[in-house]
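Worksheet: the structure to be examined is printed underneath.
The values are calculated or read from the model by the stated rules, or taken from the named source; none is laboratory data. As the structure is a prediction and not an experimental result, all values here were calculated from the model. Cβ placement follows ideal geometry from the backbone for every residue including glycine, while neighbour counts extend to all protein chains displayed. Each accessible area value is taken on the protein alone, full model and side chains, heavy atoms only, with ligands, DNA and RNA left out. Shrake-Rupley method; radii C 1.70, N 1.55, O 1.52, S 1.80 Å.
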Amino acid sequence: MEQIGHFIDGKRVAGTSGRTADVFNPATGEVQAQVALASQEEMDKAIASAAAAQPAWAATNPQRRARVMMKFVDLLNRDMDKLAEALSREHGKTLPDAKGDVIRGLEVAEFCIGAPHLLKGEFTEGAGPGIDMYSMRQPLGVVAGITPFNFPAMIPMWKFCPALACGNAFILKPSERDPSVPIMLAELMIEAGLPAGLLQVVNGDKSAVDAILDDETIQAVGFVGSTPIAQYVYSRATASGKRAQCFGGAKNHMIIMPDADMDQAADALVGAGYGAAGERCMAVSVAVPVGKSTADALIEKLAPKVEALKIGPYTAGNDVDFGPLVTKEALTRVKGLVDQGVKEGANLVVDGRGFSMQGYEDGFFMGGCLFDNVTKDMEIYKTEIFGPVLSVVRAETYEEALELPLSHEYGNGTAIFTRDGDTARDFASRINIGMVGINVPIPVPLAYHTFGGWKKSGFGDLNQHGPDGFKFYTRTKTVTSRWPSGLKDGAEFSIPTMK
Ligand code: NAD
C-alpha cells in the first residue's frame, strides 16, 4: 500500500503521528494509498522551519522570485499529463477536466510572474514642505492555506503562488481525500528553484487545521471548503489575530428568461450542472425558468440530454462526461438527498440513483438526476447537494426569479440567460452574489481578476488571486520622510497636516 507523507524542507517525509486516512480510487472503490495525518508537533516543526527560511526569501529581489514562478509554469506544462492522471486517479474527474484544474492554477502562477510590478508601492513627492510620502507592500511572514478536495491543483496554486511571489513562506494543508497532486506541485516548485522550507505541504485533518489556527507564527490563513468549516476557521483564525479569508459552499442559480436561446441554455445547464459530477463550487444546481412555456420547453430539452450523459472512469478517456463522486459517503449523502426530494414532492424527471457500471460496481458512480417543480421550502433547494443533481424551480416573473438567489443564504455564483441587455444589466446590478454570468453558466473570473463569493459563501475581506491576492499576502507600510533642509521651525503641537 502506497504511503503518502508530507513535504517538508524540500523533500518528501514520512508521517510520524501513527494516524492515517484512506485515499480511494473513486472509480473502483479501492483504497489505493494511505495519507499521513500530522500531529501538532509535526505541524509545529514545519512552521518553525518555514519561519527560518522566510527572511532570506523576502530579501530576494521580486524579479528573482518571479523567475521561479516562470520556471514553475514551464514545469507544469511539461508534467501536465502526469499531474492530470494523478489528480483523476484520486478525485475521479475526467482527464480533460483534471487538466483544466491544473491549467486554472497555472494561470495564477503566470499572473504572479508580474510580482515586481504588482508589489510596487505609491510615492508622493512634496507631500509637505520637503516631505515625501511613500508606501511599500511587505510580506506577512509565514502564511497558511487549507484547501478542499474538489480542485486539488487549482486552489492550492491560487494560494501559494501569490503568497510565495510576495515573499512569504507557505504552509499548505490540502484535502486528505486527494493529497498526491499538492505534493507533486511542491516538488515542481523546488525544481523551479524555490529554496527548501518555503512551501511545506503538511497532510492532516482537523488536528492539523487547529494547529495552524492556534499557531502564533502564522500571520494569515486562506481557506476554501464547506461553509460550516469556513465559518469555524474564520472565527478561530481571527480570534488569534490572524488575517483570514475563508470561502464556503454554494447554491448557484441560473435564470432562463423567455427570450433566451433555449438550446444554448439547455446545453449550458447540462455542462454546468453535471460536469465534475456537480462537485464544483461554481456548478449550477438550480435552474429558474421564467414563465410556464419557458419551463416546459426547458424540461423537454433537458431531460433527454440528462438521460444521455456518459458516466465512467477517467481511464475511458474523452468518451466520458463525468466520473464518480469522491467517496462512498458522498455518494450515500447525495442519493439520500434525492430520496428526500422525492418524499417532499418534487418531480424527479430523470432518476440516476440506480446507475451501475459493469466492471466498476464498487465505484462511487451515480447517474444525473433532474428535478422539476422544486420549491423554496424543500431540503434539496436549501442544501448544497454537491452531486449530479439539477433542480428546476419555476417562476412566473423576472422579479420572482430574481428573489430566489437574492434571498438564498449562499452567494457564490449565478447566471442569467437572455437576449435582453436591459434585463441582464438589471440582474448584474441588483444581485447580491460575487460572480455573475450573462449567457455564461460558470462565470469563474480569470487569474488577473479576482474570485470570491458573498454571504455564506465567503468570510473575510479580499478575494482570491488577481490583485486582491497580492493585497491579502502583503501589508502596507507608509513612510513619511523629511531630510534636514536647514529650516528650523521649532516644535509643532497640533496634528501634522499637509499644508
Ligand atoms: P471540507 O469543508 O470538508 O474540507 C475543506 C478542508 O477543511 C479540508 O482540507 C479538510 O481537511 C478541512 N476540514 C474538514 N473538516 C474539518 C474540521 N472539522 N475542522 C477543521 N478542518 C476541517 O470541504 P470539501 O468537502 O473538501 O470541499 C467541498 C466544499 O468546498 C463544498 O462546499 C464546495 O462548495 C466548497 N468549495 C468552495 C469554493 C469557493 O471558492 N467558494 C471552491 C471550491 C470548493
Item to check | Pairs with Cβ under 7 Å, 6+ apart, first in the range 298-327 and assigned by TED's automatic domain parsing to the domain that holds Arg353 and within 18 Å of Gly278 (Cβ to Cβ), second open to solvent by less than 50 Å² (accessible area, probe 1.4 Å) and among the charged types (D, E, K, R) | outcome: Tyr314/Lys93; Gly323/Lys93; Leu325/Glu279; Val326/Glu279
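For Ala268, state whether it is more than 9 Å from the ligand (Cβ to nearest atom) and in contact with a Pro (Cβ under 8 Å, 6 or more places away or on another chain).
Working: more than 9 Å from the ligand (Cβ to nearest atom): yes; in contact with a Pro (Cβ under 8 Å, 6 or more places away or on another chain): yes.
Yes; evaluated as a whole, the condition is true for this residue.
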Checklist entry - What number of residues within the range 448-461 are touching a residue at least 60 places away in the same chain (Cβ under 8 Å) and either within 13 Å of the ligand (Cβ to nearest atom) or within 16 Å of Leu106 (Cα to Cα) (or both)? => result 9
Next on the checklist: Which of the numbered conditions does Pro228 fail, given that it passes all the others? Conditions: (1) over 13 Å from Gly458 (Cβ atoms); (2) in contact with a helix residue (DSSP H, G or I) (Cβ under 9 Å, 6 or more places away or on another chain); (3) not assigned by TED's automatic domain parsing to the domain that holds Ala395.
Outcome noted: (2)
Next on the checklist: Looking at Ile183 and the list (1) outside any loop (DSSP other than H, G, I, E, B); (2) within 16 Å of the ligand (Cβ to nearest atom); (3) crowded, with 24+ Cβ neighbours inside 10 Å, which single condition is not satisfied?
Outcome noted: (3)
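Against the definition (in contact with a helix residue (DSSP H, G or I) (Cβ under 9 Å, 6 or more places away or on another chain) and either free of Cβ contacts under 8 Å to residues at least 60 places away in the same chain or more than 16 Å from the ligand (Cβ to nearest atom) (or both)), how does Asp214 come out, yes or no? Don't jump to the end; show me each part of the working.
Working: in contact with a helix residue (DSSP H, G or I) (Cβ under 9 Å, 6 or more places away or on another chain): yes; either free of Cβ contacts under 8 Å to residues at least 60 places away in the same chain or more than 16 Å from the ligand (Cβ to nearest atom) (or both): yes.
In short, yes.
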Checklist outcome for this item: Residues in the range 423-442 that are within 13 Å of the ligand (Cβ to nearest atom) and open to solvent by 20 Å² or more (accessible area, probe 1.4 Å) total 2
Checklist entry - Residues that are more than 25 Å from the chain's Cα centre (by Cα): which strands (runs of 3 or more DSSP E) entirely in the range 107-154 hold 3 or more of them? => result 123-128, 131-139
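Scan the range 198-205 and give yes if some residue there is open to solvent by 20 Å² or more (accessible area, probe 1.4 Å), more than 15 Å from the ligand (Cβ to nearest atom) and closer than 21 Å to Gln54 by Cα, otherwise no.
Just the residues of the range 198-205 that are open to solvent by 20 Å² or more (accessible area, probe 1.4 Å), to begin with: 205.
Retained after the next criterion (residues that are more than 15 Å from the ligand (Cβ to nearest atom)): none.
No, the range 198-205 has no match at all.
Counting just the residues of the range 122-167 that are more than 29 Å from Ile103 (Cβ to Cβ) and free of Cβ contacts under 8 Å to residues at least 60 places away in the same chain, which one comes out nearest to the ligand (Cβ to nearest atom)?
Glu122
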Item to check | Matching residues, the range 206-231, being under 17 Å from the mean Cα position of the chain (by Cα) and open to solvent by 30 Å² or more (accessible area, probe 1.4 Å) | outcome: Ser226, Pro228, Ile229, Gln231
Checklist outcome for this item: Considering the range 291-325, residues that are within 17 Å of Glu85 (Cβ to Cβ) and of a type in the set (A, V, I, L, M), and then whichever is surrounded by the most Cβ atoms within 10 Å (Cβ to Cβ), we arrive at Val320
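So, in the range 236-259, of the ones that are part of a helix (DSSP H, G or I) and away from the ligand (no atom under 12 Å from the Cβ), which residue ends up least open to solvent (accessible area, probe 1.4 Å)?
Taking the range 236-259 first, the residues part of a helix (DSSP H, G or I) are 236-239.
After this cut, where a residue has to be away from the ligand (no atom under 12 Å from the Cβ) as well, the list is 238-239.
Values: Thr238: 53, Ala239: 89 Å².
Restricting to residues being part of a helix (DSSP H, G or I) and away from the ligand (no atom under 12 Å from the Cβ), the top hit is Thr238.
Hey, among Ala287, Ala268, which residue is open to solvent by 10 Å² or more (accessible area, probe 1.4 Å) and of a type in the set (Gly, Ala, Ser)? I'd like the intermediate steps shown before the answer.
Values: Ala287 fails: open to solvent by 10 Å² or more (accessible area, probe 1.4 Å).
When all the criteria are applied, what remains is Ala268.
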Checklist outcome for this item: When the range 170-187 is checked residue by residue, the ones that are over 15 Å from the mean Cα position of the chain (by Cα) and under 17 Å from Gln245 (Cα atoms) are Phe170, Ile171
